[in-house]
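> Quick one: structure below, then a few questions.
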Amino acid sequence: YSYTDCGGNVSYWTYTYTIDISSFPSVPADGGSVVLCPADAVEPLPPLVSDVCGNNILAVLESVSDTPDPVTCDGTRTYTFSYTDCGGNVSYWDYVYTIFNNFAPAVPADDGTTVECITDATDPGSPEVYDACGTLIAGILESVVDNPDPFSCEGTRVYTYSFSDCIGNVSYWTYTYTIDISTLPTVPADGGSVVECISDATAPTVPVVTDVCGNNIAAVEESVVDN
């Protein structure tokens, strides 16, 4: 400002503002969410932040940190963003994903079939099973249970597989063989001979007969009929 008197004498007065932004940008509370899989922990959309004067500040992704590193199953993934105003004041905002899968692997319905021989009740192998994140899980044969045990003729044989994902969720799948012999034993054509005396009509030597599974079957004399 100038001050001029009537004689033309002039004096000056100044007022100086020093613009110094000392307040750090105000950021919201850190964010976060729970997801099933590491692949779900994608970069989040950072919040809008302005400086103390109301000017928008660009968010800059500073880091992505996994615990454990690398995170392959459960753990955390943290995205850290910085906000720097024109005065060089910096604030940070974090978004933390908690990776946790509480879903047991989805297995198909239990299966089974009927066979005639215990030798046909072989290991069926496990079906393809994936965890909740789409990772193939190897099936582990947990048990083979015969009923009755020991097995002698007809009954069941049950194969049980387990499927465990990386976090320890377990599902089970069983395959049951029902052993049911429905095929009659195959015997040779009836035999016979001509003899002169009834005393010569002694018990014949019976043929060797096996069941459909190849097991020898004992012959039981049912009757002797004279005519």
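No value in this document is a laboratory result; all are computed from the given coordinates. Just so it is clear, the structure is predicted and the values come from calculations on it, not from any experiment. Neighbour counts run over all protein chains shown; Cβ positions are idealised from the backbone, glycine included.
> So how do 166-174, 6-14 stack up, highest first, on mean other-Cβ count within 10 Å? Walk me through the intermediate numbers first.
On the way: 166-174: 15.3, 6-14: 6.7.
Per-residue mean Cβ counts within 10 Å order the peptides as 166-174, 6-14.
> Which listed residue (S33, A106, T122) has the Cα farthest towards the positive end of the charge dipole for the chain, taking +1 on Lys and Arg C-beta and -1 on Asp and Glu C-beta about the Cα centre?
Farthest towards the positive pole: S33.
> How would you order 58-67, 82-91, 144-153 from highest to lowest mean count of nearby Cβ atoms within 10 Å? Walk me through the numbers before you get to the answer.
Numbers: 58-67: 12.9, 82-91: 15.8, 144-153: 11.3.
Highest-to-lowest ranking by the protection proxy: 82-91, 58-67, 144-153.
> Distances longer than 28 Å among the Cα atoms of the chain: what percent of all pairs is that? Provide the component values of the computation, followed by the final result.
Values: 17382 of 25651 pairs.
That tail contains 68 percent of the Cα-Cα pairs.
> Over what distance in Å are the Cα centres of segment 112-149 and segment 7-68 separated?
Segment 112-149 and segment 7-68 have Cα centres separated by 59 Å.
> If I take every Cα pair under 8 Å that is 6 or more residues apart in the chain, average their sequence separation and divide by the length, what percent do I get for the relative contact order? Provide the component values of the computation, followed by the final result.
Numbers: 392 pairs, mean separation 33.1, N = 227.
Dividing the mean separation by the residue count of the chain yields 15 percent.
> Choose one of G88, G75, G139: the residue whose Cα lies farthest towards the positive end of the charge dipole of segment 1-156 (beta-carbon charges +1 Lys, Arg; -1 Asp, Glu; about the Cα centre).
Ranked along the dipole, the leading option is G88.
> Which residues among segment 89-129 fall inside the zone where the amide N is under 15 Å from a point 7 Å beyond the Cα of E142, along Cα→Cβ?
Hits in segment 89-129 for E142 at 15 Å: 104-111, 126-127.
> Would you mind getting me the FRET efficiency between Y15 and N89? Use the beta-carbon distance for r and R0 = 25 Å, nearest 0.05. Can you show the working numbers first?
Numbers: r = 26 Å, r/R0 = 1.03.
With a Förster radius of 25 Å, E is 0.45.
> Determine which residues of segment 191-227 fall in the zone a paramagnetic label at T183 would reach in this model, i.e. backbone nitrogen under 19 Å from the point 7 Å along Cα→Cβ.
Residues passing the 19 Å test: 208-218.
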